[in-house]
Amino acid sequence: MPDNLINRAKKLFTPALVFHTDIIVKKAEGVYVEAANGKRYMDFSSGLAVTNIGHCPPRVVAAAQKQLHEMIHSGCIFRYDSEIRFAEELKKITPGKLNMFFFSNSGAEAVEGAIKLAR
């Protein structure tokens with residue numbers, strides 16, 4: 001099965017995408033990923049969102065599931081209870097006069113926001 005998936009992937013994805021292995025990962029937990037062939041590997045790639053917390057930490061999975069039942073996406077048209085509560089908790093631990101917050105969706109958006117604030 002993994003060889004078939006690799007062949008299918010090679011027909012679907014541009015060569016501009018660099019894949020360093022032909023390992024097909026089916027699931028991951030903590031610091032480990034499990035390949036389609038059942039072999040486990042320690043994940044040293046430090047992918048987005050797992051660098052600090054690992055793959056699928058139960059508390060984070062539970063919090064995400066809870067949030068998905070309440071609301072999947074929020075924009076900037078409305079205010080949200082969870083966003084306000086988070087900002088209040090953040091304010092308790094930020095030093096000095098750092099008491100206003102800007103939440104962003106991406107690094108680019110965060111950098112643009114920081115530039116605007118710096119001006």
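Starting from residues that are closer than 30 Å to S82 by Cβ and of a type in the set (V, I, T), keep the ones in the stretch 12-70 and report whichever is farthest from the chain's Cα centre (by Cα). The residue in question is V31.
Listed here are the residues, each with its yes/no results for (1) farther than 24 Å from G107 by Cβ; (2) modelled with pLDDT of 95 or more.
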| residue | (1), (2) |
| --- | --- |
| N4 | yes, no |
| A9 | yes, no |
| T14 | no, no |
| H20 | no, no |
| V25 | yes, no |
| N37 | yes, no |
| Y41 | yes, yes |
| N52 | no, no |
| H73 | no, no |
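Residues that are of a type outside the set (A, V, I, L, M) and under 30 Å from A114 (Cα atoms) do occur in the stretch 57-68, at least one of them. If the condition is being without any contact (Cβ under 8 Å) to a residue 12 or more places away in the chain and among the hydrophobic types (A, V, I, L, M, F, W, C), then the stretch 87-119 contributes L90, I93, L98, M100, A108, A110, V111, A114, I115, A118.
The values are calculated or read from the model by the stated rules, or taken from the named source; none is laboratory data. Keep in mind that what you see is a predicted model, and the values were worked out from it rather than measured. A quick note on method: Cβ atoms are made from the backbone with ideal geometry, for glycine too, and the neighbour counts reach across all protein chains shown.
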